[in-house]
Amino acid sequence: MRRLLPFYRALNALCNRQVKRRAGFAGSQCGFSGTVSDSKPRFGLLFDIDGVLVRGKMPIPAAKKAFQKLVNSQGQFVVPVVFVTNAGNCMRQTKADQLSHILGVPITMDQVMMSHSPLRMFKKYHDKCVLVSGQGPVLDIAKNLGFQNVVSIDMLRESFPLLDMVDHNRRPKVPSSQIANLPTVEAVILFGEPIRWETNLQLIIDILLTNGNLSGAHQSQKLPHLPLLACNMDLMWMAEAQSPRFGHGTFLVCLENIYKKITGKEVKYKALMGKPSELTYHFAEYLIRGQAVERNWTQPITSLYAIGDNLMTDIYGANLYNRYLEERTRRKNSKAVAKMATGTGANAALPQVNDHVENAWESELAPPSATSCKSILVCTGVYNPHTEVPTDTNQSIKETVFHGHRDFRFDPALVEPGHIVQDVADAVELIFEQEKFVPQ
């Protein structure tokens with residue numbers, strides 16, 4: 001991964017140049033001509049939360065300044081806005097209330113997308129017995145998403161007290177037997193990092209190796225393990241501490257490596273949700289469209305701007321979704337050219353376009369109206385533009401390690417932001433200038 005070093009050096013230099021340029025910005029960077037657009041927007045904003053708007057429970061000073069520009073005197077947003085967080089430890093309404101308090105503007109749950117929000121679309125699992133892992137009101141979250149038969153790690157531990165043995169103080173004090181009053185687990189859903197990692201890792205591995213029946217012993221893994229769906233792949237995230245903290249992605253690394261060490265096989269996911277998954281951005285685009293309809297903004301929302309602090313999730317995900325949108329547009333144009341050529345009797349060789357069925361999530365939500373998703377990196381969270389990159393690669397590999405999930409390959413183009421600014425207030429200013437948008 002040493003090939004990443006030149007990329008990081010260039011990115012750090014670019015960030016310093018762009019941030020300095022933004023500090024004295026007078027309209028030249030975007031080629032702002034003074035012509036303003038219609039007051040009805042044709043773009044939507046996707047905000048990360050941790051490291052962009054807050055650090056832990058503390059608001060970032062630029063956040064309130066940014067949102068003063070986004071809300072009119074009636075308390076209405078002047079552009080469609082969705083908060084896209086990889087957090088998964090609460091309900092959308094709870095997060096909306098927290099953001100309303102922090103930012104001082106009214107925010108509804110329909111503007112909030114948690115990492116687990118797309119699970120609403122996985123209806124094939126809604127009537128199955130699912131094991132959920134995470135923290136917070138996991139049973140309530142699962143039921144709110146549509147799951148009807150839910151089992152928690154604590155419920156498993158109570159029914160099978162002999163399975164959780166790492167913490168000596170939590171072992172049964174007297175001989176006890178299992179209380180097998182739970183149904184067989186048919187799928188596993190990982191919402192986010194749990195509190196007791198050793199307990200969750202042990203029982204999830206047990207479920208996978210017993211095909212959901214903890215009354216039996218581990219089985220040889222000749223068949224695929226139970227369906228496994230995971231939300232939030234962040235290896236690290238930014239709180240009040242000076243350095244990033246472990247995220248759910250770190251827990252997934254532990255689970256994947258333990259399973260492989262025991263079985264010799266890889267953990268297979270039925271779905272990975274949260275940034276940088278395309279599924280997450282498509283669901284966010286769907287929410288953006290819904291806001292535009294509700295406000296009677298008749299012009300289609302054709303551009304998305306994703307503002308984040310993490311190269312490996314926010315920027316990677318926005319660029320990955322932008323690549324999907326570009327490919328989708330290319331396919332549509334190819335079909336249109338082929339149809340036009342057929343109508344005029346032209347014999348020119350045309351690319352073969354496969355009319356395959358779109359992704360299940362696209363058919364569930366209707367095709368996107370957006371044709372681009374532009375990434376903007378802020379320097380108030382995980383990303384630090386002042387990090388020193390050593391010239392001797394043998395001394396440090398920190399900047400060369402890909403922090404993305406195992407199932408996402410590294411592509412330098414996907415972690416290169418479209419713009420780099422100091423903070424979220426600068427990001428909003430830049431977007432308005434790019435769009436020549438002046439709210440009425």
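Throughout, read-outs are computed from the coordinates displayed, never taken from laboratory work. Since the model is a prediction, treat every value here as computed from it, not as a measurement. Positions of Cβ are generated from backbone atoms using ideal geometry, with glycine treated the same way; all protein chains shown enter the neighbour counts.
Tabulated data
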| item | result |
| --- | --- |
| Rough spin-label spacing in nm, given labels placed 7 Å along Cα→Cβ, for Q242 and A413 | 3.9 |
| D_trans [Stokes-Einstein, Kirkwood Rh over alpha-carbon pairs] for the range 35-102, 25 °C, 0.890 mPa s, µm² s⁻¹ | 183 |
| Mean projected area in nm² (Cα convex hull; one quarter of hull surface) for the range 70-110 | 3.0 |
| Partners for K57 among aspartates and glutamates (Cα-Cα distance below 14 Å; same-chain residues under 8 apart left out) | D97, E240 |
| Computed label-point distance, nm, for sites K268 and N333 using a 7 Å Cα→Cβ extension | 3.7 |
| Amide H contacts of Q299 (H built 1.01 Å from N, under 5 Å, at least 5 apart or other chain) | none |
| Label-point separation in nm, K65 to R323, each point 7 Å along Cα→Cβ | 3.5 |
| Those lysines that a straight Cα-Cα span of less than 23 Å connects to K436, excepting residues fewer than 8 apart in one chain | K20, K40, K64, K65, K69, K374 |
